[in-house]
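The next block holds one structure in the form of C-alpha cells; read it before the comments.
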Amino acid sequence: MTGNILKYLREKEYISGEVLAQKLGISRVAVWKQIQRLKDMGYEIIADQNLGYCLISRPDLLIPQEIQRGLSTNYIGKEIFYFPELKSTNIMAKEKALHRAGGIDEGTLIIAERQSAGKGRLGREWFSPVGGVWLSIILYPKLSPSYISRITLMTAVAVVKAIKICTQIESQIKWPNDILINEKKVCGILTEMSAELDIINWVVVGIGINVNIDHRDFPEDIQENTISLKEILGKEVLRVKLVQTFLQGFEKYYESLKRREFSSILKEWKLYSHTLGKKIKVDMGERIITGEAMDINESGTLILKKEDGELVEIISGTII
Ligand code: BT5
C-alpha cells in the first residue's frame with residue numbers, strides 16, 4: 001500500500017487525501033495512516049490543508065519501490081524481498097530458492113538494511129550494520145557446477161564497475177571473493193549452490209558492501225583491514241543508485257556467462273586484479289600452498305607457481 005501511495009505522490013506535486021483515498025479504494029484515515037508510516041520510514045511529506053500531500057524528499061532506503069524505479073534489468077531485481085533486519089540474506093535466499101516451484105523466479109533479490117548473523121565463507125562472520133548493502137540474488141543457471149567460481153568472479157567485476165561508476169573510486173579484486181580499496185576490504189561475496197553431478201539446481205550470490213559505514217564500528221580485530229566507501233569518498237553514497245548500477249552490470253555479465261562467454265569477463269577481472277603477479281599463501285583447508293599467482297584460466301581457476309616451479313590449479317581457498 002505504501003508503494004502505491006508513493007507512486008501517486010511522485011506523479012504530482014500535491015495530491016489530496018481524498019483523491020488518494022479514491023484511487024486506492026481506502027478511507028482517508030487509512031491514507032493518513034499510510035502517510036504516517038512513510039514519514040516513519042524517513043520520507044519527508046508535507047500536508048497542505050487545501051492542496052493535500054506533497055513528497056519533499058526520500059530516504060536512501062533499499063526498499064523495492066526505490067530500487068525498481070528506473071532499474072533497467074530484464075529479470076534481476078524484478079522481485080525483491082526487503083527486510084529492515086534479517087539474520088542473513090543468504091539464508092533467506094536459500095530457503096526461497098528451494099521453493100522455486102512456489103514461484104521464486106531467477107533474479108529474485110533478498111535485501112536487508114542490517115543483518116544480525118551475516119555469513120562469510122566457511123562459517124566466518126560478516127558484520128552488517130545499518131548503512132551497508134547486504135543482498136542476495138537467486139539464480140537458476142543451466143550450467144555445470146564447475147561454473148560456480150566464474151559466477152563469483154563475474155560478480156566481483158560487476159561490483160568493481162558499479163563502485164567506479166557511482167563514486168569514481170578504483171577498487172581491486174583479491175581472489176576469489178574480496179574487493180579491496182587501498183588494501184582494505186570493502187566488499188565480500190559469498191556464492192552458495194545446490195547441484196547434482198552435472199547440473200546446478202540453484203545458486204545464491206550474496207554481496208556485502210560497506211557503503212555508509214564507519215569501519216570503527218566493527219570488532220577491533222578486523223578494523224585495520226576494513227574500509228567503507230563513505231570513508232574513502234568523504235561523504236555518503238546513494239545506496240539505491242549503487243545497487244541499481246550493480247544489478248544492471250550483473251545481469252549483463254550473467255547473460256554472457258549463460259552463453260558460455262567468459263573471456264571478456266576474465267579480461268576485465270584481470271584488469272582489476274589485486275592478486276595476479278603477487279607472491280601469495282593460500283589456505284586450502286587441508287593444506288597451505290605458497291607461490292606466485294600466475295593467472296586465472298578460462299574456468300576461473302587460479303594458477304599458482306610454487307617455488308619449485310610446479311604449477312598448481314586452485315579452485316577455492318583463502319589468501320592469508
Ligand atoms: C566473505 O567471506 O567475504 C563473504 C561475505 C558475504 C557477505 C554477504 S552480505 C549479504 C549476504 N548474506 C550473508 O549472510 N552473507 C552475504 P570471507 O571471505 O569468509 O570473509 C569473512 C571475513 O571478512 C571475516 O572473517 C572478517 O575478517 C571480515 N569481515 C567481516 N565483516 C566484514 C565487513 N563488513 N567488511 C569487511 N570485512 C569483514
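The values are calculated or read from the model by the stated rules, or taken from the named source; none is laboratory data. These figures come from a predicted structure and were not determined experimentally. Using ideal geometry, Cβ is built from the backbone for each residue, glycine included, and neighbour counts are taken over all protein chains shown. Remember, those area values only see protein heavy atoms, side chains included, never the ligands or the DNA or RNA. Shrake-Rupley method; radii C 1.70, N 1.55, O 1.52, S 1.80 Å.
Estimated from the Cβ-Cβ distance and a Förster radius of 35 angstrom, the FRET efficiency linking residue 197 and residue 87 is about 0.65. Taking 18 Å as the straight-line reach from the Cα of residue 33, the lysines in range (excluding those fewer than 8 positions away in the same chain) are 7, 23.
Placing unit charges on the Cβ atoms of the charged side chains and taking the dipole of the chain about its Cα centre, the candidate lying farthest along the positive direction among 140, 80, 209 is 80. Taking amide H as placed 1.01 Å from N in the peptide plane, the amide H of residue 128 sits under 5 Å from that of 115, 118, each at least 5 places away or on another chain.
GNM remark for the chain: springs join alpha carbons under 10 Å apart, and the peak mean-square fluctuation among 159, 19, 211 falls on 19. Its Cα centre serving as origin, the stretch 193-320 has a Cβ charge dipole (Lys and Arg +1, Asp and Glu -1) of approximately 540 debye.
The accessible surface of the chain, taken with every protein chain in place and a 1.4 Å probe, is 49 percent carbon and sulfur. Here's how it looks for residue 45: its modeled amide H is under 5 Å from those of 56, which are all 5 or more places away or on a different chain.
Excluding ligands, DNA and RNA, the accessible surface per residue across the stretch 279-319 is 56 Å² with a 1.4 Å probe. Spin-label pair residue 270-residue 29: with each label point 7 Å from Cα along the Cα-Cβ axis, the two points sit 6.9 nm from one another. Compared with the direct C-alpha span, the chain from residue 238 to residue 299 gains 18.5 nm at full extension, assuming 0.36 nm per residue.
In the complete set of protein chains, residue-level accessible area for residue 126 is approximately 50 Å², probe 1.4 angstrom.
Note that the stretch 43-53 has calculated 3J(HN,Hα) couplings of 6, 9, 10, 9, 10, 9, 3, 8, 8, x, 8 Hz, one per residue in order, obtained from phi through the Karplus relation 6.51 cos²θ - 1.76 cosθ + 1.60 (θ = phi - 60°); glycine and proline are x. Note on residue 307: accessible area is roughly 140 Å² with a 1.4 Å probe, heavy atoms of protein only. Within the shell of other residues whose beta carbon sits under 11 angstrom from the beta carbon of residue 52, the net charge comes to -1, with Lys and Arg scored +1 and Asp and Glu -1.
Sequence-ordered 3J(HN,Hα) estimates for the stretch 168-184 from the Karplus curve with 6.51, -1.76 and 1.60 and θ = phi - 60° stand at 6, 7, 8, 10, 10, 9, 9, 4, x, 9, 10, 10, 10, 10, 6, 6, 10 Hz, glycine and proline given as x. Cα centroid distance between the stretch 196-220 and the stretch 127-167, in Å? Here the two parts' Cα centres lie 8 Å apart.
Rounded to the nearest 20 debye, the dipole size of the stretch 64-271 about its Cα centre is 520 debye, using +1 on the Cβ of Lys and Arg and -1 on the Cβ of Asp and Glu. Which one of 54, 98, 116 is farthest out on the positive end of the charge dipole of the chain, using unit charges on Cβ (Lys, Arg +1; Asp, Glu -1) and the Cα centre as origin? Working it through, the farthest residue towards the positive pole turns out to be 54.
Taking label positions 7 Å along the Cα-Cβ direction at both residue 319 and residue 221, the computed distance is 2.2 nm, reported to one decimal.
Distance between the pseudo-spin-label points of residue 165 and residue 54 (7 Å out from Cα toward the beta carbon): 3.4 nm.
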